[in-house]
1. So D82 passes all but one of these: (1) at pLDDT below 95; (2) farther than 18 Å from A58 by Cβ; (3) open to solvent by less than 30 Å² (accessible area, probe 1.4 Å); (4) out of contact with any helix residue (DSSP H, G or I) (no Cβ under 6 Å at 6 or more places or on another chain). Which condition number does it fail?
2. If I filter region 227-236 for residues that are outside any loop (DSSP other than H, G, I, E, B), over 15 Å from the mean Cα position of the chain (by Cα) and surrounded by 14 or more Cβ atoms within 10 Å (Cβ to Cβ), do I get at least one hit?
3. Only one residue in R140, R97 is in contact with a strand residue (DSSP E or B) (Cβ under 8 Å, 6 or more places away or on another chain) and among the charged types (D, E, K, R), so which one is that?
4. Limited to region 14-43, what total is found for residues that are in contact with a strand residue (DSSP E or B) (Cβ under 6 Å, 6 or more places away or on another chain), open to solvent by less than 50 Å² (accessible area, probe 1.4 Å) and outside any strand (DSSP E or B)?
5. Would you confirm whether or not region 209-219 contains a residue that is more than 21 Å from Q106 (Cβ to Cβ), open to solvent by 30 Å² or more (accessible area, probe 1.4 Å) and in contact (Cβ under 8 Å) with a residue 60 or more places away in the chain?
6. Filter region 1-13 down to the residues that are under 20 Å from V125 (Cα atoms) and either open to solvent by 30 Å² or more (accessible area, probe 1.4 Å) or hydrophobic (A, V, I, L, M, F, W, C) (or both) and list them by number.
7. Within region 57-74, can one find any residue that is surrounded by fewer than 17 Cβ atoms within 10 Å (Cβ to Cβ) and touching a His at 6+ places or on another chain (Cβ under 9 Å)?
8. When you check K93 against the structure, is it within 26 Å of D245 (Cα to Cα), of a type in the set (D, E, K, R) and not in a helix (DSSP H, G or I), yes or no?
Amino acid sequence: MQRFQDLIAVVTGAGSGIGAATAKRLATEGAQVVLVGRTEAKLASVAEEIGPQAHVFAADVTRETDVKGLAAYVENTFDGLDVLINNAGGAPKGSIRQMTLAEWDQVQEVNLRSVFLVSQVLGEVMIKSAEQEDSPSKRRAIVNVASLSGYKPGVKIPHYSAAKAAVINLTRTFATELAPYGIRVNSVSPGFVETPLTAQGLQNDKFVQAIKRHTALRRVGKPEEIANVIAFAASSEASYMTGSDLLVDGGWLVS
């Protein structure tokens with residue numbers, strides 16, 4: 001399939017894990033992909049795997065100046081923007097009773113503020129592209145990566161769980177505001193997935209077995225499995241879907 005042939009996509013948090021897998025998937029299906037993250041070396045490594053369809057832009061997506069710089073780069077380099085994947089995120093563990101305000105704020109910034117800021121700024125780039133067309137393209141879409149934790153708060157990640165629940169609701173707000181321009185906005189909520197952020201936990205066999213017991217499919221997910229669903233939500237195959245959240249948790253909530 002070439003669902004993203006000749007389309008321009010931006011993927012944040014693209015240096016590893018779900019972001020890298022998503023960037024590769026979109027490129028495989030024909031997209032020109034802008035890889036965004038704070039560490040240029042990681043982005044360059046992913047870009048090397050993808051080839052000439054990959055473009056690297058190092059930025060901190062919690063900073064307004066960086067995001068506006070990203071928007072300027074996209075506008076100056078390409079003819080508009082078609083697909084935006086807000087994937088940047090993560091959180092250190094901590095008890096809510098001992099958590100400092102600075103720790104709380106930091107996690108809100110990377111998981112929630114970044115989604116708002118990037119969607120707002122790059123959303124304007126997408127709107128500008130839509131306004132130049134006779135009829136809005138059905139191919140423009142934003143997909144926000146939320147989490148199972150937005151449904152079921154995780155142990156010692158109250159700040160992350162709160163932020164991801166907010167992402168799901170923020171997605172619905174953007175879906176309403178951007179619908180008149182033909183821009184669909186949905187979110188995808190992964191369960192426990194094998195990524196660099198979860199690598200340490202996966203070295204503990206007792207922890208892995210506990211994850212499997214609580215997951216109907218009895219296994220940990222792969223980044224590529226989440227990327228598959230993100231790609232669907234971003235594609236024209238989901239042309240009548242907006243404001244929705246797709247839970248991809250291996251059956252955690254039903255087990």
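1. (1)
2. Step one: filter region 227-236 for residues outside any loop (DSSP other than H, G, I, E, B), giving 227-234, 236.
Among the residues that remain, those that are also over 15 Å from the mean Cα position of the chain (by Cα) are: 236.
This time we only want the ones that are surrounded by 14 or more Cβ atoms within 10 Å (Cβ to Cβ), so: 236.
Yes, the conditions are met somewhere in region 227-236.
3. On the way: R97 fails: in contact with a strand residue (DSSP E or B) (Cβ under 8 Å, 6 or more places away or on another chain).
Among R140, R97, only R140 is in contact with a strand residue (DSSP E or B) (Cβ under 8 Å, 6 or more places away or on another chain) and among the charged types (D, E, K, R).
4. Just the residues of region 14-43 that are in contact with a strand residue (DSSP E or B) (Cβ under 6 Å, 6 or more places away or on another chain), to begin with: 14-15, 19, 22-23, 26-27, 31-36, 40, 43.
Add one more test, that the residue is open to solvent by less than 50 Å² (accessible area, probe 1.4 Å), and what stays is 14-15, 19, 22-23, 26-27, 31, 33-36, 43.
Right, trim to outside any strand (DSSP E or B) and you get 14-15, 19, 22-23, 26-27, 31, 43.
Of the residues in that region, 9 qualify.
5. no
6. Looking only at region 1-13, we keep the residues that are under 20 Å from V125 (Cα atoms), and these are 4-13.
Correct list: F4, Q5, D6, L7, I8, A9, V10, V11.
7. First pass over region 57-74, keeping only residues surrounded by fewer than 17 Cβ atoms within 10 Å (Cβ to Cβ): 60, 63-65, 68-69, 72-73.
Now drop any that are not touching a His at 6+ places or on another chain (Cβ under 9 Å), which leaves 73.
The answer is yes; a qualifying residue exists.
8. Numbers: within 26 Å of D245 (Cα to Cα): yes; of a type in the set (D, E, K, R): yes; not in a helix (DSSP H, G or I): yes.
Judged against the criteria, K93 is a match.
The values are calculated or read from the model by the stated rules, or taken from the named source; none is laboratory data. The structure presented is a predicted model; accordingly, all values stated were derived computationally and were not measured. Glycine gets a Cβ as well: all are built from the backbone with ideal geometry, and neighbour counts include every protein chain shown. Note: accessible area is taken over every heavy atom of the protein model, side chains too, but ligands, DNA and RNA are not part of it. Shrake-Rupley method; radii C 1.70, N 1.55, O 1.52, S 1.80 Å.
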